[in-house]
Amino acid sequence: MQALKGTHDILPSEVYKWDYMESVIRDVCARYGYKEIRTPIIEATELFQRGIGDSTDVVSKEMYTFLDRGNRSVTLRPENTASAVRAFLEHKLYADQQVHKMFYIGSMFRYDRPQAGRYREFHQFGLEVLGASSPLADAEVIAMACEIFHKLGLKDLDLHINSIGDKNCRPAYRQKLIDFFMPKVDQLCDDCKERLLKNPLRILDCKEEGCKAASVGAPVITDYLCEDCNTKFEAVKKYLTALGIDYTVDPKLVRGLDYYTNTAFEIQYPPLGAQSAVCGGGRYDGLVEEMGGPSTPGIGFAIGLERLLLALEMQNLIPVPQSAHKVYIASLGQDAVIEGIKIQHLLRSEGVIAEMDLQDKSLKGQMKQAGKSKADFAIIIGSNELEEKAVTVKNMNNGEQKQVPFDNVAEYIPSALKNN
Ligand code: HAM
């Protein structure tokens, strides 16, 4: 049996890398005042159809959707923004009229062609700010993404930003794009031919050579922004500059989900090649209303943790964890084993990492295991020790041995570990 295509195991020997990324992320979130939200991995399909948009690739081609045993259409979440907004509405978090800043870490599912940096089950860290219309919020979330990469030591990232306007100015731009691409429709890939009338902005970031060529000279959204959108975009740029954050304005950055308005951004790590976007996000001021709630502005982003991990490994930035201090209890004979498990239990309740043989190994085999497991001390219990009611404690680093009465072991070992 093998894990499904596009999914992977994170083995015990690898988990420290994930713990490390998550600890840096959690620390930055705490300092910026973001609280964690955990939503179900599975939701009603309609949530994503309405939230992300039927015409997006994610919804039309990539969702893991099936009927449950009650004949309801359900979907494994392909992203977490729609679910966070659903939770915000369901629990009436908007009632206090405050700004809600939340983050999440978890698995997402998209049925796409797997390749390096693209998986069917992948993990995102993401955050959402609901209730903040000020461009300060846009600058804050972008700054926060940059701060996370900075804390991790990651270099050579490119921040691309754009404004994709709002419901006032985007329709005119959309029409301009349709007018521009219509005469070139034969040059477009099949997907973009379909996008032309449904979602022409998406043609701009299609990776197919024909579409790229057809896009040369296409009208750019920044020329069509209404005054309000333009003022907001200028403010975001001003705040980013004030924070010393370098960015490139990329008028072709449109993002693949329908809910975006105004600011859209991506952070790329070019050495990752085709899947270079490690972070993507933007503002979605219409989404809460679209999902039946009160008009509430929103902005957020998500970082793909597999891609982040690849980037960190390429730059050798994951610290190998210090091996924790521990003891190994080696015992010979049933009576010694019973003393051993009692001591093991006591030590564990004192906070010491203690382990014993679970494979009926010989004493020699147990001592070998103590060495292999990099124990600092071995506690040996044989017939002499039973008679003396004192264990032999062997310092595995220098070989020194010492007798310690059974009753004193729980006191002796923690301080010996500390001083070792
Ligand atoms: P997204 O651009 O679809 O945005 O995904 C965000 C990030 O997740 C990408 O930049 C990438 O690093 C990672 N990612 C996406 N798909 C895959 C995949 N198949 N395999 C590996 N990594 C992947 C969203 O999901 C939005 N919900 C972000 C957001 C939050 N916007 C506002 N708030």
Viscosity 1.002 mPa s, 20 °C: Kirkwood-radius Stokes-Einstein D of the range 265-420 over Cα pairs, µm²/s: 109 µm²/s
Most fluctuating residue given options MET314, MET367, MET21, as computed from a GNM of the chain linking Cα atoms under 10 Å: MET367
Heavy-atom accessible area order for LEU93, LEU136, largest first, 1.4 Å probe: LEU136, LEU93
Within a Gaussian network of the chain (alpha carbon springs, distance under 10 Å), most fluctuating of GLU121, GLU147, GLU385: GLU385
Cβ-Cβ FRET estimate between ASP335 and LYS151, R0 fixed at 45 Å, reported to 0.05: 0.25
Globularity index of the range 18-128, i.e. its alpha-carbon radius of gyration over 2.2 N^0.38 Å: 1.16
Rough spin-label spacing in nm, given labels placed 7 Å along Cα→Cβ, for GLU90 and GLU234: 4.3 nm
Mean-position separation - Cα centroids, the range 8-49 and the range 214-230, in angstrom: 35 Å
Computed label-point distance, nm, for sites ALA30 and LYS252 using a 7 Å Cα→Cβ extension: 4.3 nm
Kirkwood hydrodynamic radius of the range 360-408, Cα pairs, Å: 11.2 Å
Stretch gain in nm, segment GLU411-LYS198, where the contour uses 0.36 nm per residue and the Cα spacing is subtracted: 69.5 nm
³J(HN,Hα), Karplus 6.51/-1.76/1.60, whole Hz, each residue of the range 412-418, x for Gly, Pro: 5, 4, x, 6, 5, 5, 5
Förster radius 35 Å - calculated FRET efficiency between ILE353 and LEU4 (Cβ-Cβ, nearest 0.05): 0.50
Distance violations [Cα-Cα > 20 Å] among LYS61/LYS176; LYS342/LYS389; LYS167/LYS252; LYS212/LYS232; LYS232/LYS252; LYS61/LYS167: LYS61/LYS176; LYS212/LYS232; LYS61/LYS167
FRET efficiency, 1/(1 + (r/R0)^6) with R0 51 Å, evaluated for GLU313 and ALA172 via beta carbons: 0.65
The range 326-419 - percent of accessible surface contributed by carbon and sulfur, probe 1.4 Å: 48 percent
Stokes-Einstein translational diffusion, the chain - Kirkwood Rh over all Cα pairs, 0.890 mPa s, 25 °C, in µm²/s: 98 µm²/s
3J(HN,Hα) from dihedral phi, the range 215-227, Karplus parametrisation 6.51/-1.76/1.60, rounded to Hz, x for glycine, proline: 7, 4, x, 5, x, 9, 4, 4, 7, 10, 5, 6, 4
Cα radius of gyration and Dmax for the range 178-313 (Å): 16.6, 46
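The values are calculated or read from the model by the stated rules, or taken from the named source; none is laboratory data. Everything numeric here is computed off the predicted structure, so don't read it as measured data. Note: ideal-geometry Cβ built from the backbone for every residue, glycine included; neighbour counts use all protein chains shown. Please note that ligands, DNA and RNA were not included when accessible areas were found on the heavy atoms of the full protein model with its side chains. Shrake-Rupley method; radii C 1.70, N 1.55, O 1.52, S 1.80 Å.
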